[in-house]
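Report on the structure given below.
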Amino acid sequence: MVTFSRPTIAMSVSWLLRAEADVPRDDHWLCANEEIRLSGLHVAKRRSDWRLGRWTAKCAVAAYLGRADRTHPLRDIEIRSAPSGAPEVFLGGQAAGIALSLSHRDGTALGAVVAPGIAIGCDLELIEPRSDAFIADYFTTEEQALVASAPVLDRPVLLALLWSAKESALKAVGEGLRLDTRSVLVRADCCDISGDSGRTPWDQWAQSSRCNSDSGHDGWRPLQVCYLSDGHSIRGWWQRRSNFILTLVADAPLLPPVSL
């Protein structure tokens, strides 16, 4: 059963992208506990991914809190892992009182920060071909019908979007991929398409995307995710950036995301 606090006031979520090339070569920006954690990572790629994630998270938190200056070094910000694996923010050993989500893929990382008490999930997904077996194993019947009705050239983007939104939604409940990805259903945040039985699922999705392509939202378009265990739906945002799909969802209505 999915449990949310379900606040009704629209919240502002801030986001930040960073790449491996942005991460300093030294570790002066890590706190003592983080240096110990890093020393236990012996596989080069694991170390690189971990450092990229921590750098992105710290930069996002610093910018969100207005601490992005030399008087408040990143070393003062500590990113810990909760028992669920979700990142938690500490300042001077005390909980910072903000919510953070983090994702990284293929040398790029996404950090999202929002006010305390909000369950948030973000994900960054590479646009790439995916097999029919992958679709059958991880997507609901409705999502499979949507993919099947989409033009072949549009399917890699659509699949990356659906998968990314699922990951964001499962992170928001603190479970991640420990839960079946078919326990959530991703839909476009539709405009008036109800009762239009003459259109394919892709036609309806494409119409909704066109209706919601507001340039004032910095490329972000709305989506919704339904938790099938209780039928509860939450909304979020997605955008394509280069060869990546970015998604953000939360258990509160989200204003268009703000870049840090």
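Of the residues that make up the stretch 64-85, is at least one of a type in the set (Gly, Ala, Ser), under 20 Å from the mean Cα position of the chain (by Cα) and part of a strand (DSSP E or B)? Yes - at least one qualifying residue is present in the stretch 64-85. Being open to solvent by less than 60 Å² (accessible area, probe 1.4 Å), over 24 Å from the mean Cα position of the chain (by Cα) and more than 26 Å from ASP106 (Cβ to Cβ) is the filter here, so list the residues in the stretch 5-49 that pass it. Hits for the stretch 5-49 are CYS31, ALA32. When LYS58 is evaluated against the numbered criteria (1) part of a helix (DSSP H, G or I); (2) out of contact with any Phe, Trp or Tyr (no Cβ under 7 Å at 6 or more places or on another chain); (3) buried (at least 16 other Cβ atoms within 10 Å of the Cβ), which criterion, by number, is the only one it fails? So LYS58 meets the others, but not (2).
Let's see how each residue does on (1) under 24 Å from TRP55 (Cβ atoms); (2) part of a loop (DSSP other than H, G, I, E, B):
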{"residue": "GLY97", "(1), (2)": "yes, yes"}
{"residue": "SER101", "(1), (2)": "yes, no"}
{"residue": "ALA112", "(1), (2)": "yes, no"}
{"residue": "ILE118", "(1), (2)": "yes, yes"}
{"residue": "CYS122", "(1), (2)": "yes, no"}
{"residue": "GLU128", "(1), (2)": "no, yes"}
{"residue": "ILE135", "(1), (2)": "no, no"}
{"residue": "GLU143", "(1), (2)": "no, no"}
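Taken as a whole, the structure places LYS58 among residues that are among the charged types (D, E, K, R) and touching a helix residue (DSSP H, G or I) at 6+ places or on another chain (Cβ under 6 Å). The residue pairs whose first member lies in the stretch 94-120 and is at pLDDT 95 or above and open to solvent by 20 Å² or more (accessible area, probe 1.4 Å), whose second member is of a type in the set (Ser, Thr, Tyr) and not in a strand (DSSP E or B), and whose beta carbons are closer than 7 Å, counting only pairs six or more residues apart or on different chains, are LEU102/THR56. On the stretch given as the stretch 51-71, residues that are touching a strand residue (DSSP E or B) at 6+ places or on another chain (Cβ under 9 Å) and either more than 21 Å from VAL13 (Cα to Cα) or not basic (Lys, Arg) (or both) total 12.
On the stretch given as the stretch 80-118, residues that are of a type in the set (A, V, I, L, M, F, W, C) and touching a Phe, Trp or Tyr at 6+ places or on another chain (Cβ under 8 Å) total 6. When the residues of the stretch 61-72 are narrowed to those that are open to solvent by 40 Å² or more (accessible area, probe 1.4 Å) and either closer than 18 Å to ALA86 by Cβ or charged (D, E, K, R) (or both), which ends up modelled with the lowest pLDDT? Going through the qualifying residues, I end up with ARG70.
The values are calculated or read from the model by the stated rules, or taken from the named source; none is laboratory data. This is a predicted model, so every value here is computed, not measured. Virtual Cβ from ideal backbone geometry, glycine too; neighbours counted across all protein chains shown. The protein model used for the area step is the full one, side chains on, heavy atoms only, and it has no ligands, DNA or RNA in it. Shrake-Rupley method; radii C 1.70, N 1.55, O 1.52, S 1.80 Å.
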